[in-house]
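Values in this text are rule-based calculations from the coordinates and carry no lab data. Source: prediction; values computed, not measured. All Cβ positions, glycine included, derive from the backbone under ideal geometry; neighbour counts span all protein chains shown.
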Amino acid sequence: MTKTRSLMDRRALFATGAAAALLAATGVSAAALPKQGGRLRMALSGALRSDSWASGDGLFMKVARQGLIYDTLTEVAADGTLRGELATDWQGSDDGRVWMFDLRQDVSFHDGRPMTARDVAASLHLNGRVEVLNDHQICIALDQPAMDLPFTLAAPDHVIRPRHAADLGIGTGLYRLKRFAPGQQLLAERVADHYKGKTAGWFDAVELVSIPSDAVRAQALAEYLVDAADLEDAGLVHGFDDIAPLPFSRGMTHAVSRSVAMPVRTGQHRPLDNLRAAERWWFA
């Protein structure tokens, strides 16, 4: 088997004295380390009254699942490199059909139950077989070769859920569900004793609100009712100096209040820092 490892470790980054130089605020002068506190409010499209933790693929639910409540085995960092999240290591066969994943052993779901390989096996729906080797190791045997499987498992449709409560909004993510009104609102609070410690997730709480209209989301941002919104038309926020169009004014996917700070580099594969704004950003 060949081994694939993460190329970048966030813990190592924040442990170095260079962290302050690598982190900077977007649109503000400070270039300090992240600060804890506050409630991040995001206005998002794509929500439906029929949304549930088992269904609903709009942006609202993608952010709710991967950006707040659940984790995935792997994570694509802002610079495009792959690293482990619930997986600590993985090995693939030369033909890309058989993969072994080692799992973290210090992870609990929000209801206090420990996460095991059985939860992971029950969560993954792949073209193949997922075998539990022990409490913290699985083997995936695919029907077709997939050399990019570790990258695939970083997608929001591969979040890990508890077997005993798969569709109740109970995960291992940085934020614990407090209130969920399908198609309308979600409120989540930071898990104090999360396994990621103080390396990610600096907001005390995160609120998602559903606003279908692009123009109304832009207005909510301009009137300080929310801190971020998904938007593709830069003209909707043109002239507002306290709003930053991201990742670029051309090719914009979201807009953010300049009261929000973030690392110099943010993920651009999906909106809102690859859906992980609540994990990676903080208030300046």
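Could you work out the relative contact order of the chain, using alpha carbon pairs under 8 angstrom and six or more residues apart, expressed as a whole percent?
26
Over the Cα atoms of the range 52-108, what Rg and Dmax result, in angstrom?
Calculated on Cα positions, Rg and Dmax stand at 14.0, 39 Å.
With the crude spin-label approximation of a point 7 Å out along Cα→Cβ, what separation in nm comes out for Ser259 versus Phe151?
3.8
So what are the ³J(HN,Hα) numbers for the range 211-218, from phi and the Karplus equation (6.51, -1.76, 1.60; θ = phi - 60°), rounded to whole Hz, Gly and Pro as x?
Each residue's phi maps through the Karplus curve to give 9, x, 7, 4, 5, 6, 4, 4 Hz.
Based solely on its DSSP helices, what 222 nm [θ] is calculated for the chain when runs of n ≥ 4 H residues each add -39,500 (n - 2.57) and the sum is averaged over all residues, nearest 500 deg cm²/dmol?
One gets -3500 deg cm²/dmol as the mean residue ellipticity at 222 nm.
Under a 5 Å amide H to amide H cut-off, with H placed in plane at 1.01 Å, what residues pair with Asp51 once short-range neighbours are removed?
Hits under the 5 Å cutoff: Gly183.
Using the Karplus curve 6.51 cos²θ - 1.76 cosθ + 1.60 with θ = phi - 60°, work out ³J(HN,Hα) for each residue of the range 172-183 in order, rounded to whole Hz, and write x for Gly and Pro.
Using θ = phi - 60°, the values come out as 10, x, 5, 10, 9, 5, 10, 8, 9, 10, x, x Hz.
Rank the residues Arg161, Arg270 as a footprinting-exposure proxy: fewest other Cβ atoms within 10 Å of their Cβ go first.
Ordered by Cβ neighbours within 10 Å, fewest first: Arg270, Arg161.
Using 7 Å Cα-to-Cβ label points, what is the His238/Asp193 separation (nm, one decimal)?
Calculated label separation equals 5.3 nm.
Can you compute the FRET efficiency between Gln144 and Asp204 using 1/(1 + (r/R0)^6), with r the Cβ-Cβ distance and R0 = 51 Å? Round to the nearest 0.05.
Rounded to the nearest 0.05, the efficiency is 0.70.
The list (1) 19.0, 66; (2) 23.9, 77; (3) 18.8, 57 gives values of Rg and Dmax of the Cα atoms in Å, and only one came from this structure; which label was calculated from it?
(3)
Taking only Cα atoms and a 10 Å spring cutoff, compute GNM fluctuations for the chain and point out the largest among Arg65, Arg41, Arg163.
Of the options given, Arg163 has the highest mean-square fluctuation.
I'd like to know how the range 76-158 sits against the 2.2 N^0.38 Å rule of thumb: what's its Cα Rg over that expected value?
1.08
Taking amide hydrogens as modeled 1.01 Å from N in the peptide plane, which residues meet the under 5 Å criterion relative to Ala261, leaving out close sequence neighbours?
Trp282, Phe283, Ala284
Relative contact order (percent) for the range 129-284, with alpha-carbon contacts under 8 angstrom and 6 or more residues of separation?
Relative CO of the range 129-284 lands at 14 percent.
Label points 7 Å out from Cα along the Cβ direction at Asp95 and Leu126: separation in nm?
Reported label-point gap for Asp95 and Leu126 is 1.6 nm.
For Thr172, what residues show an amide H to amide H distance below 5 Å, using hydrogens built from the backbone and excluding near sequence neighbours?
Amide H neighbours of Thr172: Asp71.
Step through the residues of the range 143-159 one at a time and calculate ³J(HN,Hα) from phi using the Karplus curve (6.51 cos²θ - 1.76 cosθ + 1.60, θ = phi - 60°), rounding each to whole Hz and writing x for Gly and Pro.
In residue order, the calculated couplings are 6, 10, x, 8, 5, 9, 3, x, 6, 4, 6, 8, 6, x, 7, 10, 5 Hz.
On a full-extension model of 0.36 nm per residue, what is the gain between Ser213 and Ala54, subtracting their alpha-carbon distance, rounded to one decimal in nm?
The Ser213-Ala54 span can extend by a further 54.7 nm.
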